[in-house]
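Following: one structure in structure tokens, then a few remarks.
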Amino acid sequence: MLSSETLSAVVVKMTPVMIVEDDLPTQARLANVLATLAVAACDIHFARNIADAEAQIRAHAFNLALIDIGLPDGNGIHLIAPLRARNLQVTAVVVSAWGTEDLIVAALHAGAVGYLLKEREDVELAASLRSIQSGGAPIDPFVAKHILRLLTQPAVAAPRDAAPVNLTEPLTPRELEILGLVTQGLISREIAEKLARSRLTVECHIKNIYRKMHVTTRTEAVFRARSLGLVQ
Amino acid sequence: MLGCLFAGAVGAQTNATITLASAQAVRSDWSANAPPVDGWETVTIPDIWTTHWPTFDGVVWYRLEWDQADGSQPVGLALQYLNMAGEVSVNGTLLHRDLNLVDPLTRAWNTPRFWVLAPPVLRSGKNELLVRVSGLAAYQPGLGPITVGPVASVQAMHEWEVFLRHDSKVFGIAIAATLGSFFLVLWLMRRREVAFGWYGVSMLVWFVYTYNQIATSTWPFTRTEPYQTASTCLVLLFSVLNVIFVIRFCDRRFPRFERALWLLIAASMIGLLLTPHESMALHRGLLTLLACLVIILAAAVLIVFAWRGKQVDQRILSLTSFIYIPAAVHDMLAFTGVLRSNFYFSDISTTITTVAVACVLGWRYSRSLQRIENFNNELRGEVNAARDELAINLRQQHDTEMAHARIGERLSLVRDIHDGLGGTLMGSIAAIENAPQNASAPYLLGLLKELRDDLRLIIDSSAHQAESDSNLGEQLIPIRHRMSRLLDALDIACVWDIDGIDTLKLPPTRALDVLRFLQEALTNVMKHSGATIVNVKVRRDNAALQLEVADNGRGLGVEAGHGAGMKSMQSRALRLGGQLRVDSSPGKTVVAIVRLQV
């Protein structure tokens with residue numbers, strides 16, 4: 001393995017976990033998926049809105065949070081900052097209905113390191129969570145495409161702001177290569193075969209890409225999201 | 001006679017000027033240095049000697065006397081002209097002599113002269129002025145008015161005379177030359193302005209002709225007679241050009257009249273050239289009269305045409321005729337000797353006319369500029385109006401197109417939903433109504449998932465529709481990734497063999513049908529086959545697209561081949577214009593559409 005590519009996949013602690021979701025069947029569904037990953041029911045905490053979630057954050061230092069983006073009292077993305085303030089090691093995963101790529105990318109800017117799409121089968125959600133647990137992250141072609149577009153066409157992505165979109169740390173050629181392959185529709189297994197790397201290595205690269213997209217301060221995140229036209 | 005003269009002279013002498021109105025005159029030959037003793041006759045000044053010596057060419061001596069009470073003070077002596085050349089002496093002292101006193105004669109006919117007389121030339125009492133004049137009978141030979149008196153008064157008279165006979169003529173000649181050239185050039189640049197062309201030519205002819213007023217030699221001729229003949233020809237030519245100008249200026253043409261006039265004038269000129277010396281005076285007089293008449297005719301014609309027509313510029317110019325005609329009549333009378341003057345007004349009236357023509361031209365020019373400006377304004381207005389109208393039309397057209405596009409999009413979305421979701425819903429409703437006992441929870445769940453997957457396809461493909469250059473290769477990416485991920489989570493390896501579709505563009509509905517076929521085939525593999533590997537082939541070979549889904553599962557049962565799943569696959573293949581081929585045995589099942597025309 002090349003030195004530049006030396007990735008130490010850190011196993012993510014899954015508990016305690018908070019599920020922020022206003023729809024009760026979906027809450028149950030997510031809990032069931034977590035159960036397949038051997039997460040004990042007593043370690044799962046539920047919140048149905050932002051206010052609930054903030055109370056839960058005050059009470060517990062979560063290691064994992066599954067956050068619905070569209071909550072009745074606001075955007076779930078706003079919970080990422082308090083979660084991180086409480087526990088810097090938290091793994092924030094946003095849960096999106098018919099995935100709107102804008103919101104997912106905004107969540108990545110705000111510090112999320114993964115996302116789940118409600119429309120997908122339980123097995124797939126479980127696979128994604130397994131990948132997150134082992135230190136990787138899932139990705140879809142439309143998200144990869146959006147990230148690449150941000151990097152190569154900042155002027156188009158941010159017509160109201162001439163400042164180019166610079167990541168705090170630029171993407172490596174390998175990361176760009178992986179993004180390119182994802183946009184062609186390849187899944188991580190196929191990419192791993194193509195690059196002669198392990199599947200986990202590929203998924204760790206993806207998680208690193210998400211980390212690089214994260215903007216540290218909340219103000220900065222809002223500014224970045226606004227400049228990208230993601231929020232008004 | 002002399003007594004009378006003296007009496008008259010003395011009477012007016014004290015503080016005013018004296019006009020010497022009477023003189024003694026005597027003829028001599030060209031070479032005489034002193035007047036002959038005999039043959040003196042009394043004449044009146046100004047004198048044209050042909051009135052008493054009709055055919056005499058040669059030298060005439062004029063002797064004039066006046067009584068100067070106080071000869072100690074200087075007096076002024078002014079001579080308006082003598083015709084043609086001569087010398088002047090007072091009390092035997094020579095005051096002036098022209099350059100050539102024999103032919104070619106110096107042309108002094110229009111040159112006023114002035115001297116200050118003082119002792120010893122001037123005497124108290126009787127003083128004698130002797131003027132020797134060389135002249136030709138044909139050209140009004142003689143002596144002009146002579147004035148004696150206080151220096152200041154006489155000099156003032158003289159200067160006024162110089163202004164009239166010389167300075168004003170120079171001024172008129174300069175104007176004629178300048179504006180003549182200007183109008184000629186104008187016509188050369190703009191041949192439509194025929195009137196100005198004629199005017200330019202006539203002014204240039206007039207310029208050459210009036211040069212006679214200030215010429216002092218017969219240059220470019222070596223004798224007086226050809227010079228005079230040329231001068232008469234020029235005035236004839238001018239008169240015709242002037243008529244033509246007037247006719248053209250009034251926008252008219254009289255070809256026969258004009259031709260006749262040209263012939264008349266040409267014949268007159270030839271006649272003049274052939275005239276013997278003896279009858280020159282008569283011919284020249286008649287032809288100059290003719291020229292004057294033609295000029296008067298032209299001025300009269302201008303008045304008639306201008307006031308019959310309605311054009312303002314013609315009327316303005318016609319007003320100059322009221323100066324022109326009297327001037328021409330005066331000059332005609334002066335020329336024929338009816339008026340005892342050799343001062344001509346025509347060049348002054350011509351100058352006025354020239355300025356008037358220039359004004360008319362300026363007026364015409366500014367009027368056409370105004371017309372152009374109005375036209376431009378109108379044009380600009382029309383262009384703006386047309387542009388606004390066009391913009392409105394374009395906007396309306398654009399709005400209509402947008403509305404159509406939206407309606408089209410909505411229609412195709414509705415059709416997509418109808419074909420997929422609708423078809424599945426209708427089929428399922430019918431199935432459950434026929435056999436409600438079969439509607440188990442897993443069956444219903446499968447149904448809902450099928451609807452969800454179809455909705456996902458519709459969303460993906462309508463997202464791609466927005467990108468105009470989307471091809472089947474790009475449209476395939478979301479479903480490829482999604483199905484691969486799902487199969488992968490179920491430990492089924494999905495291997496894609498894609499070739500030649502990156503440039504393939506299908507109509508949206510057709511592309512959606514291709515994706516539906518693949519999705520349904522892969523869903524079937526996932527649900528029923530128990531396979532571990534599935535190979536998906538999407539290949540384009542020229543005009544044919546081949547779709548193939550092959551797995552290593554347990555194979556289709558006999559009833560599965562005729563089941564509802566296969567039926568729907570069959571109908572999709574038919575819709576795509578292809579043929580469904582199912583080749584199934586345990587460990588190898590191939591579901592394919594072959595020869596799909598694209």
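Computed from the coordinates by the stated procedures, all read-outs in this text should not be read as laboratory data. Please read all numbers here as calculations on a predicted model, not as lab measurements. When we count neighbours, we look across all protein chains shown, and the Cβ atoms used for this are built from the backbone with ideal geometry, even at glycine.
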Report summary line: In this structure, the FRET efficiency calculated for B:Ser571 and B:Ala386 from their beta-carbon separation, with R0 = 56 Å, to the nearest 0.05, is 0.50
Query raised in the report: Peptide A:185-196: average number of partner chain Cβ atoms within 10 Å per residue?
Result: 4
Query - Expected 222 nm ellipticity per residue - DSSP helices of 4 or more, -39500 (n - 2.57), all of the protein assembly as shown, to 500 - result: -17500 deg cm²/dmol
Query raised in the report: Across peptide B:485-495, what mean number of C-beta atoms from other chains lies inside 10 Å of a residue's C-beta?
Result: 5
Query - Ranked packing of B:26-39, B:489-502, B:138-151, most packed first, by mean Cβ within 10 Å - result: B:138-151, B:489-502, B:26-39
**Report entry** Gain on full stretching of the segment that runs from B:Arg340 to B:Trp262 - 0.36 nm per residue minus C-alpha separation
**Finding:** 24.8 nm
**Report entry** Hydrodynamic radius by Kirkwood, which averages 1/r over all alpha carbon pairs of chain B, in angstrom
**Finding:** 34.7 Å
Report task. For helix B:224-249, report the angle its Cα long axis makes with the longest principal axis of the Cα atoms of chain B; keep it between 0 and 90° and round to the nearest 10°. Result -> 40 degrees
Query raised in the report: For B:Val116 and B:Cys359, what does the FRET efficiency come to when R0 = 56 Å and r is the distance between their Cβ atoms, rounded to the nearest 0.05?
Result: 0.80
Query raised in the report: Given +1 on the Cβ of Lys and Arg, -1 on the Cβ of Asp and Glu, and no further charges, what dipole in debye does chain B carry about its Cα centre, rounded to the nearest 20?
Result: 1080 debye
Query raised in the report: Under 15 Å from the Cα of A:Lys118, which aspartates and glutamates turn up, not counting those fewer than eight places away in the same chain?
Result: A:Glu21, A:Asp22, A:Asp23, A:Asp68, A:Glu101, A:Asp140, B:Asp453
Query - Residue list for segment B:482-506, given a label point 7 angstrom along the Cα-to-Cβ vector of B:Arg452 and an amide N cut-off under 16 Å - result: B:482-487, B:489-490
Query raised in the report: Which angle from 0 to 90°, rounded to the nearest 10, does the C-alpha axis of helix B:194-210 make with the longest principal axis of chain B?
Result: 30 degrees
Query raised in the report: Quick one: length gained pulling B:Ala431 to B:Ala493 fully straight, 0.36 nm per residue minus the C-alpha distance?
Result: 19.0 nm
Report task. Round to the nearest 10 and give me the degree value, 0 to 90, for the angle of helix B:472-489's Cα axis relative to the longest principal axis of chain B. Result -> 30 degrees
Query raised in the report: Shape of segment A:17-137 from its Cα gyration tensor (a ≥ b ≥ c, root eigenvalues): rounded if a/c is under 1.5, otherwise prolate when a/b > b/c, or oblate?
Result: rounded
Report summary line: Cross-link reach from A:Lys207 to aspartates and glutamates, straight Cα distance under 12 Å and at least 8 residues apart if same chain, gives A:Glu175
Query raised in the report: Using a Förster distance of 45 Å, how high is the FRET efficiency between B:Leu164 and B:Arg252, based on the Cβ-Cβ distance and rounded to 0.05?
Result: 0.75
Requested in this report: Please give the average number of partner chain Cβ atoms lying within 10 Å of the Cβ of each residue in B:471-480, rounded to a whole number.
Outcome: 3
Report task. Subtract the Cα-Cα distance of B:Asp70 and B:Arg539 from 0.36 nm times their separation in residues, and report this length gain in nm to one decimal. Result -> 154.8 nm
Report task. Sum up the lysine pairs in chain B that clear both bars: alpha-carbon distance under 28 Å and a spacing of 8 or more or different chains. Result -> 12
